[in-house]
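The structure appears right after this line, and notes come after that.
No lab work stands behind these numbers, since they all come straight from the coordinates. Please read these numbers as outputs of a predicted model, since none were measured by experiment. All Cβ positions, even for glycine, are placed from backbone atoms using ideal geometry, and neighbour counts span all protein chains on display.
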Amino acid sequence: MSAKLRRTFSREFKLDICRRIARGETRIVHVVREHGLCRSVVERWREVYAVQGEDAFADGDQAGEHQAERSLRAAEARIASLEAALGHAALELDLLRRAVEKGGSRPRSGASGSATR
């Protein structure tokens, strides 16, 4: 018996096929016939492309780079959020210090606990 030859396809080839299907330029059945592919393979590519988009079919190094970029963007967003909160806290602290300096800690007249009737 002869072993079946397992073909491999480049990332760009898979993306091109999936883009054409997604845009409605061609149908799976036409791609299968044109390139001699198995329908289930093309359907699997299409499913992966639907979930991952242009990041689909990336090898390990490319996938790691994309993950690192997403992590970096998330960290930068978190830093910006924390800096904004710190700025708000600094303004609040400054406002409270000024209030204390102007005598804001003195009890107001009539604000004491003793009520007279």
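Which of the residues belonging to the range 3-62 are assigned to a loop (DSSP other than H, G, I, E, B) and aromatic (Phe, Trp, Tyr)? Listed by number, the residues that qualify are 9, 57. Among the residues of the range 1-55, those that are under 30 Å from residue 69 (Cα atoms), surrounded by fewer than 12 Cβ atoms within 10 Å (Cβ to Cβ) and among the β-branched types (Val, Ile, Thr) comprise 8, 51.
The set of residues in the range 45-59 that are on the phi > 0 side of the Ramachandran plot and of a type in the set (Phe, Trp, Tyr) contains only 57.
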